[in-house]
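Participant: Quick one: the structure is below, questions incoming.
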Amino acid sequence: MKGLIQRVRQARVEVAGEVVGSIDQGLLVLVGVEREDDHARADKLLHKLLSYRVFSDDQGKMNLSLKDTGGGLLLVSQFTLAADTRSGLRPSFSSAAPPSQGEALYDYLLAQARAQHPQVACGRFGADMQVHLVNDGPVTFLLES
């Protein structure tokens with residue numbers, strides 16, 4: 001399971017012009033699910049999302065996590081993260097989970113996040129989404145479980 005995290009000052013997701021999820025300061029996470037992923041990998045990714053130290057402390061060093069700051073977490077499904085781009089000029093999606101597996105694991109990750117963190121928002125699985133964000137830094141990392 002992959003999570004492309006971006007530290008943001010604010011972010012929102014729209015579907016057909018309607019805002020379906022938004023946060024202020026926190027993390028926007030694009031989530032990619034691969035065929036071999038399971039609940040254990042989703043749990044490991046969530047632990048990293050909540051604990052990864054990407055927010056500045058009083059000395060300006062990245063020593064604080066989302067848990068420490070209490071910021072928002074916006075999860076957005078992004079199957080293209082599972083693409084194999086190592087060869088050729090067109091991505092291959094053979095490693096991406098089929099839609100039913102991807103949706104089930106994304107929903108599991110979302111439910112676990114809501115149980116463990118007070119501010120969680122999300123996009124809509126499989127929808128044509130427009131993601132708006134104000135990057136903070138920018139600070140972007142690819143986390144894998």
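FYI, it's all coordinate maths here, none of it is from the lab. Model, not experiment: these values are computed from the prediction. All Cβ positions, even for glycine, are placed from backbone atoms using ideal geometry, and neighbour counts span all protein chains on display.
Participant: May I ask you to compute the full-extension gain from Thr80 to Ser22, defined as 0.36 nm times their residue separation minus their alpha-carbon distance, rounded to one decimal in nm?
Facilitator: Residue separation times 0.36 nm, minus the Cα-Cα distance, leaves 18.7 nm.
Participant: Which one, Val120, Ser56, Leu4, is farthest towards the positive end of the dipole of the chain when Lys and Arg carry +1 and Asp and Glu -1 on their Cβ?
Facilitator: Highest projection toward the positive end goes to Ser56.
Participant: Going by amide H atoms built from the backbone, whose H comes under 5 Å of the H on Val120, apart from near neighbours?
Facilitator: The list, which skips near neighbours in sequence, is Leu73.
Participant: Now a separate question. Given that just one value was derived from the coordinates, which of [x] 81, 34, 29; [y] 42, 30, 24; [z] 45, 33, 32 is Cα extents along the principal axes in Å?
Facilitator: Only one listed value fits the structure, namely [z].
Participant: Taking the Cα centre of each part, how many Å lie between the stretch 117-145 and the stretch 45-72?
Facilitator: Measuring centre to centre over Cα atoms gives 15 Å.
Participant: Further question on the same structure: Tell me the mean residue ellipticity at 222 nm calculated for the chain from its helices only (DSSP H runs of n ≥ 4, each -39500 (n - 2.57), averaged over every residue, nearest 500).
Facilitator: -7500 deg cm²/dmol
Participant: I want the antiparallel fraction of DSSP beta bridges within the chain, as a percent rounded to 5.
Facilitator: Beta bridges within the chain, antiparallel portion: roughly 75 percent.
Participant: I would also like to ask the following. Taking 35 Å as R0, compute the FRET efficiency from the Cβ-Cβ separation of Gln119 and Ser95 and round it to 0.05.
Facilitator: Approximately 0.65, to the nearest 0.05.
Participant: Treating only the Cβ of Lys, Arg, Asp and Glu as charged (+1, +1, -1, -1), what charge dipole size does the chain show about its Cα centre? Round to the nearest 20 debye.
Facilitator: The calculation lands at about 260 debye.
Participant: Then there's this: Could you pull out every one of the aspartates and glutamates with an alpha carbon less than 20 Å from that of Lys61, ignoring same-chain neighbours closer than 8 positions?
Facilitator: Asp136
Participant: Shifting gears a bit: For Thr69 and Asp57 in the same chain, what is the full-extension length gain: residue separation times 0.36 nm, less their Cα-Cα distance, in nm?
Facilitator: Contour length minus Cα-Cα distance gives 3.4 nm.
Participant: Excluding residues on the same chain fewer than 8 positions from Lys44, give the lysines whose Cα lies under 23 Å from its Cα.
Facilitator: Correct list for Lys44: Lys2, Lys67.
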